[in-house]
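A quick write-up on the structure given underneath.
The values are calculated or read from the model by the stated rules, or taken from the named source; none is laboratory data. Since the model is a prediction, treat every value here as computed from it, not as a measurement. For neighbour counting, all protein chains shown are included, and Cβ atoms are generated from backbone atoms with ideal geometry for every residue, glycine included. When the accessible area is computed, the model is the full protein with side chains, heavy atoms only, and any ligands, DNA or RNA have been set aside. Shrake-Rupley method; radii C 1.70, N 1.55, O 1.52, S 1.80 Å.
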Amino acid sequence: MYDVIIVGARVAGSATAMLLARAGLRVLVTDRAAFPSDTLSTHQVQLPGGARLRRWGLLDAVVASGAPPARQVSFDAGPVILRGRYPDFEGVDAVYSPRRTVLDALLLEAARAAGAEVRERFAVKELVAEDGRVTGIRGREKGGPVVAEAARLVVGADGKHSMVARTVGAAAHHELPPRTMGCYTYWEGLPLQGGEIYGRERRAVGAWPTNDGLTMTYVAWPVGEFAAFRADVEGNFLRTLDLAGDLGQRARAGRRAERFRASPDLPNRFRRPYGPGWALVGDAGLVMDPVTGQGIGDALRDAELLAAAVAAGLGGRQPLAEALAGYERDRDRAALPMYRFTTELGALGPAGPEQRVLFAALAGRPAEVDRFLGVLTGAVPLDGYFAPKNLLRLLGVRGMAAVMLGRIRAQTPAHTPAHQAGAVGRSEPQPDTIPGGSA
């Protein structure tokens, strides 16, 4: 009998397993993949995620893997380009973008070193339940017999299409249809001075340094345009980079190192993350559009919140259901502001009057640019930054008047964007990878 069985051994699952094992619990973590193993990803470990890795003693290993720090960033949303540095957050002042072959394997090894039992190439076929309570799993290693394992708690860390969540019927809330489709690839010989973010009408672009001297470039289109994008992947990708300053030119001067990876399957939802004998973490419990690159950081945060709740509940310091209810409250409180911000950005609309006034006010004020970059990475609270008192400080009376006028206009039917009215295109399910040929 295990204290906890975790289904899924990527960022959320391995981090949860590591923290629970460090707390002295008997933990089994399983995954159908063998590691190192790749998966679709934004790559970015935002400042709060980096701070957690640092606290856990793992950030040095990320750095040693060859994932370069991006301390500087260029944010180009149109007429104003904001260039600055990330603020220090608990001793971390850079965004890291490790390959998932690196990060996931590193976290899984940390879980194993902490004492968790790890089973790779193990497919969980079903949950075991008694009297309405989940009591374990049934599954098999590749080529092996079906086995059953029991636990006081089963945690689903098995992604946005979680079998655990589906089996227990975890209720969804704040759910929105996919906003964007995303596609990324890697380049040799594409120089960067930190990270680069570009916002254009109906398009978004990011470029970040990653392992092995490569640069990862990411483009987002409205999800309803996925079929058009797919009709000419390479051409559409490069034409989108051409909208981002000289990024397209720099990419063409380098060499594409790997195939394109793309998906329109980018949902936005919270799920209730606990019930009798089960809990959810990572994308299984909370997933949002990757346009703001929050997924890895969210997974690390929620792993920490869940591990603390489980350790308290199974350790007798608090009833488990009460502790897990606290986990849900803390997760939702922490995630909702960025979730709303992200799903709004995912509409890929043009910069409105508010944004143009704000960006103009920030230009030429390095300390304020750095603070705004802290908002984008989750280190500076969104609600406080966009509170009227802070906006008045940044914009002055005239700027605030322009913002308020823009808000009033946005609420009138003639000015209501289609995405605010709920007119978001849907697409049929598509494969998560588009072959791009050998580089």
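Before we move on, is Ala33 in a loop (DSSP other than H, G, I, E, B) and at pLDDT 95 or above? Criteria met by Ala33. Taking segment 376-398 as the range and being touching a residue at least 40 places away in the same chain (Cβ under 8 Å) and either open to solvent by less than 90 Å² (accessible area, probe 1.4 Å) or not in a helix (DSSP H, G or I) (or both) as the test, the residues that pass are Leu376, Thr377, Gly378, Ala379, Val380, Pro381, Leu382. Residue pairs whose Cβ atoms lie under 6 Å apart, sitting 6 or more positions apart in sequence or on different chains, and linking a residue in segment 232-244 that is closer than 15 Å to Glu201 by Cα and open to solvent by 20 Å² or more (accessible area, probe 1.4 Å) to a partner that is modelled with pLDDT of 95 or more and β-branched (Val, Ile, Thr), do not occur here. Could you count how many residues in segment 117-149 are part of a strand (DSSP E or B), of a type in the set (Lys, Arg) and either over 19 Å from Ala165 (Cα atoms) or open to solvent by less than 30 Å² (accessible area, probe 1.4 Å) (or both)? So the count comes out to 2. The residue list Arg340, Arg317, Arg329 contains one member that is closer than 25 Å to Met1 by Cβ and basic (Lys, Arg), which is Arg317. Among the residues of segment 346-361, those that are under 14 Å from Gly199 (Cα atoms), surrounded by fewer than 18 Cβ atoms within 10 Å (Cβ to Cβ) and either touching a helix residue (DSSP H, G or I) at 6+ places or on another chain (Cβ under 8 Å) or at pLDDT 95 or above (or both) comprise Ala351, Gly352. If you check Ala312, Ala299, Ala308 for being of a type in the set (A, V, I, L, M, F, W, C), open to solvent by 30 Å² or more (accessible area, probe 1.4 Å), part of a helix (DSSP H, G or I) and at pLDDT 95 or above, only one passes: Ala308. Selection of segment 152-181 for residues being crowded, with 23+ Cβ neighbours inside 10 Å and assigned to a strand (DSSP E or B) yields Leu153, Val154, Val155, Gly156, Thr180, Met181. Is it the case that Asp93 is touching a helix residue (DSSP H, G or I) at 6+ places or on another chain (Cβ under 9 Å), touching a residue at least 24 places away in the same chain (Cβ under 8 Å) and of a type in the set (D, E, K, R)? The answer is yes for Asp93.
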